[in-house]
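Colleague: This structure is in structure tokens; I'll ask about it shortly.
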Ligand SMILES: Cc1cc2nc3c(=O)[nH]c(=O)nc-3n(C[C@H](O)[C@H](O)[C@H](O)COP(=O)(O)OP(=O)(O)OC[C@H]3O[C@@H](n4cnc5c(N)ncnc54)[C@H](O)[C@@H]3O)c2cc1C
């Protein structure tokens, strides 16, 4: 039993924390928030790529660092803490994971080195508008080497070089995955406004757009689901990092803000609120750590671990972000103060990959499946 | 990171499992131990179970062999605790004895006293109770009033304790008293241990919400305790009590019943209007929340094990587990009964699922949120000791104890 990261991982974390504290400061995040023409911080993205983060889990033969899922979790937590305004989750947790999982050799050769170097940005486009973004909701059609339809919202869809999209093939219900060059003909995209402008989103229309198959025909949704499971764990670390940042911010404020002649942090209503955030965050962290281990060892209960980490982390971050504003009083409700940056991000992350309700349902389905096969 | 046992841990776990498989009946969903709290047969059965564990080398696992322990590690103790919970064993009659009295004795008693009391406790021959809380306050332990006055080689004790679990069957007790009412409240306390058959002790059971009487009022009238049974210095009782309570927090293996697995099973067995309860979205949401909490607490125990294996001292973070688990137990009890609809009101073990586990937990679970640090006190501990928030404004720290306001009683 070793419930902890390794020495090297602690070093990685310190390095990441220091780097991001500097390069992804609130001013950097705010610059993306306040400038409508800025989708992400390009300098930060380039520097992250230079540090090798974009290629963390890509094998060395494809230009990556060949590190483990756990290492990526360490980085993810710090990205979440610092609200890094980059397409990291789309390109690394989703596009890269999908290519590693389902790409053929040519595709890996073509895309992975460019993804590792941060030269190409990938995204995964699933949702087609209002409603649960599940397999049944996909209307996009695939023809002979082309796709037609609209995806919205697509995280980082406005800046990505390519998208991975599930689309219907033939006449049946089969879904298959395709890679589409977003700079190619037949693709038009426009940015869509979201609750968190520090992470850009787009609506992408495909009209006879050239598409190359990824993975076996008909496997589309099962690949998406497996990619989502893995991404859920990585994103849980971002969420835990964000929740921790809120807890620290609120605790700090509570110690220094005085009312009625004493620190507001001496009022139990505030103390107990912060204790509850701490508890939720630690439970989420514990579930995320287990997820990290499952990710790295490809454990049989990976989907259970992923759903548990996802649910716990979404709840913790939303709670922490919301009560952080409350703890700050009027100050917390201002544009000037940073509380809302976390509040926005918390909600955004808990909707990306599908909302809490859906993941709770999935958690129970996975537990039922485990139970009926008699596995422990 | 590694959530599997190390080779050594696995070896010990296998040994524990083998021994348990031979000596106890494995738990299956819905099945409960043959005697409930409050049934007279329970106490001898619990003593016998401790005796068996002692003989098998699984009592006092982390304690030195010279005092009857196994000479193993805290980690092994936690592993055994985890495994033991998969079997039908008596409810924890010995948790105060093992979790509080023994560590306190080992820290403060004389060598001769350790030899005399510790092995006897591990064998199941001696059960201890904890004479701490008083009518004037449980959370505010340092507000206690039971007086101790020195008389030659003895101390004379007068006062009243309350909520003392198991006083009616305990052989021995740990006791905190006020030896100096002129000193500030934390500075005038003195700590003892005593034989519960000493003259001057009167025990009156208090009936609990659940109907049976596991805790008691204990009246002490001119009770004599030899000075040799004082633990720690005169006036140092608060420090000794802290030792006792810190060990309480670490004593592992709290697993509330019913817990996630029970309600998960119940949801699969229960038919609602449109099919099994497990298919109902509202039920699934609740189940998911309880799963992440139960799993989170289990994983935090893994964190505790890691800390112990590195020789670190468990910190106040571990207050989370009891706080989260006792609350979850109450919620699950309520929800399980709700799934049973009108029939959920029945307490008859032959008529409702799991032999009325949920109904019993309904009536028993409020106590878990009060005993051993209430929800509110644990949140204070987390916010002050973990997050570093300022303590409450205190009006009682510097004044002499006998000048403190006390409210009406
Ligand atoms: C089942 C059970 C078994 C027990 N067994 C034993 C035993 O064996 N030995 C023993 O010595 N005691 C025992 N106790 C007593 C237990 O330790 C006390 O009941 C507990 O500490 C609370 O004290 P109290 O009952 O005096 O309530 P109070 O301390 O009066 O508390 C009443 C309410 O006020 C809240 N409160 C008190 N202080 C604060 C504060 N500073 N901040 C916020 N809220 C506060 C509490 O959380 C609670 O909600 C047992 C209790 C129970 C329920």
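Colleague: Percent of Cα-Cα pairs more than 19 Å apart in region A:221-372, please.
Modeller: Looking at region A:221-372, the distances longer than 19 Å represent 54 percent of pairs.
Colleague: Same structure again: Once the piece of chain linking residue B:202 and residue B:88 is laid out straight, how much longer is it, given 0.36 nm per residue of separation minus the C-alpha distance between them?
Modeller: In short, 37.6 nm is gained.
Colleague: Right, next: If I model a spin label as a point 7 Å beyond the Cα along the Cα-Cβ vector, how far apart are those points for residue B:404 and residue A:60 in nm?
Modeller: About 6.6 nm, to one decimal.
Colleague: Ignore the peptide's own chain and count Cβ atoms of other chains within 10 Å of each Cβ in A:364-372; give me the average, rounded.
Modeller: Per-residue shielding by partner chains comes out at 4.
Colleague: Would you mind ranking A:334, A:57 by Cβ crowding within 10 Å, fewest neighbours first?
Modeller: Arranged by neighbour count, lowest to highest, A:334, A:57 become A:334, A:57.
Colleague: Using only helices, what value at 222 nm comes out for chain A when you add -39,500 (n - 2.57) per DSSP H run of length 4 or more and divide by the total residues, to the nearest 500 deg cm²/dmol?
Modeller: Value at 222 nm, helices only: -17000 deg cm²/dmol.
Colleague: Also, I was wondering about something else. Given only helices, namely DSSP H runs of n ≥ 4 each adding -39500 (n - 2.57), what is the per-residue ellipticity at 222 nm of chain B, to the nearest 500 deg cm²/dmol?
Modeller: About -12000 deg cm²/dmol.
Colleague: Can you sort A:237, A:258, B:193 so the residue with the fewest Cβ neighbours within 10 Å comes first?
Modeller: A:258, B:193, A:237
Colleague: According to a simple spin-label model (label point 7 Å from Cα along Cα-to-Cβ), what is the distance in nm between residue B:116 and residue A:252?
Modeller: 5.8
Colleague: Tell me the angle of helix A:105-116 to the major Cα principal axis of chain A, expressed in degrees between 0 and 90 and rounded to the nearest ten.
Modeller: 30
Colleague: Report, as a whole number in µm² per second, the diffusion coefficient that Stokes-Einstein gives for the protein assembly as shown at 4 °C and 1.567 mPa s using the Kirkwood radius over alpha carbon pairs.
Modeller: Result for D is 45 µm²/s.
Colleague: Would you order A:93, B:212 from fewest to most other beta-carbon atoms within 10 Å of each residue's own beta-carbon?
Modeller: Listing A:93, B:212 from fewest to most nearby Cβ atoms yields B:212, A:93.
Colleague: Would you report the distance distribution of C-alpha pairs in chain A as whole percents per 10 angstrom bin, up to the bin with the largest distance?
Modeller: All Cα pairs, binned at 10 Å, distribute as 5, 24, 34, 25, 10, 3, 0, 0 percent.
Colleague: Another question, then. What is the calculated FRET efficiency for residue A:136 to residue B:107, with r their C-beta to C-beta distance and R₀ = 45 Å, to the nearest 0.05?
Modeller: FRET efficiency, residue A:136 to residue B:107: 0.10.
Colleague: Angle between the Cα long axis of helix B:111-122 and the longest principal axis of chain B, 0 to 90 degrees, nearest 10?
Modeller: Approximately 20 degrees, to the nearest ten.
Colleague: Any idea what the relative contact order of chain B is, in percent, if you count C-alpha pairs under 8 Å spaced at least 6 apart?
Modeller: This gives 14 percent for chain B.
Colleague: Please give the FRET efficiency for residue B:371 paired with residue B:274, using the beta carbon to beta carbon distance and R0 = 56 Å, rounded to the nearest 0.05.
Modeller: 0.85
Colleague: Would you kindly state how much longer the chain becomes between residue B:281 and residue B:151 on full extension, computed as 0.36 nm times their sequence separation minus their alpha carbon distance, in nm to one decimal?
Modeller: Length gained, residue B:281 through residue B:151: 40.0 nm.
Colleague: Sticking with this structure for a sec: Determine the equivalent ellipsoid of chain B by diagonalising the alpha-carbon gyration tensor, then write out the semi-axes as square roots of 5 times the eigenvalues, largest first, rounded to whole Å.
Modeller: 37, 26, 22
Colleague: While we're on this one: Within the P(r) computed for region B:128-246, what percentage of the Cα pairs occupies the region above 17 Å?
Modeller: 51
Colleague: For residue A:17 and residue A:183, FRET efficiency with R0 = 25 Å and r from the beta-carbon atoms, rounded to 0.05?
Modeller: That gives a FRET efficiency of 0.10.
Colleague: Could you work out the percent of alpha carbon pairs in region A:7-120 separated by over 24 Å, rounded to a whole number?
Modeller: Tail fraction, whole percent: 25.
Colleague: On each of the three principal axes of the Cα atoms of region B:186-268, give max minus min coordinate, whole Å, ordered largest first.
Modeller: 60, 28, 20
Colleague: Quick one: check the C-alpha center-to-center distance for region A:196-240 versus region B:132-175, whole angstrom.
Modeller: Taking the Cα centre of region B:132-175 as reference, the centre of region A:196-240 is 64 Å away.
Colleague: Can you give the alpha-carbon Rg of region A:123-217 over 2.2 N^0.38 Å, where N counts its residues?
Modeller: Cα-based Rg divided by the globular estimate yields 1.01.
Colleague: Let me ask something else about it. Taking chain A as the reference, fit the longest principal axis to its C-alpha atoms, fit the long axis of helix A:7-23 to the helix C-alpha atoms, and give the angle between the two in degrees, 0 to 90, nearest 10.
Modeller: Rounded to the nearest ten degrees, it is 80.
Colleague: Which value, in Å to one decimal place, does the Kirkwood hydrodynamic radius take for region A:213-289 when every pair of different Cα atoms is included?
Modeller: 15.1
Colleague: So, in Å, what gap is there between the alpha-carbon centers of region B:30-84 and region A:81-99?
Modeller: If you average the Cα positions of each part, the centres end up 50 Å apart.
Colleague: Only Cα pairs under 8 Å and at least 6 apart count here; give the relative contact order of chain A as a rounded whole percent.
Modeller: It comes to 15 percent, rounded to a whole number.
Colleague: Sequence gap at least 6, Cα distance under 8 Å: using those rules, report the relative contact order of region B:7-93 to the nearest whole percent.
Modeller: The value is 38 percent.
Colleague: While we're on this one: For region B:90-108 and region B:290-307, what is the separation of their C-alpha centers, rounded to whole Å?
Modeller: Centre-to-centre distance over Cα atoms comes out at 23 Å.
Colleague: A further question on this structure: With label points built 7 Å along Cα→Cβ from the Cα atoms of residue A:208 and residue A:105, find their separation and express it in nm.
Modeller: With each label point 7 Å from Cα toward Cβ, the separation is 3.5 nm.
The numbers here are math on the coordinates, done by the rules we state, and not lab data. Computed from a predicted model, the values in this text were never measured in an experiment. All Cβ positions, glycine included, derive from the backbone under ideal geometry; neighbour counts span all protein chains shown.
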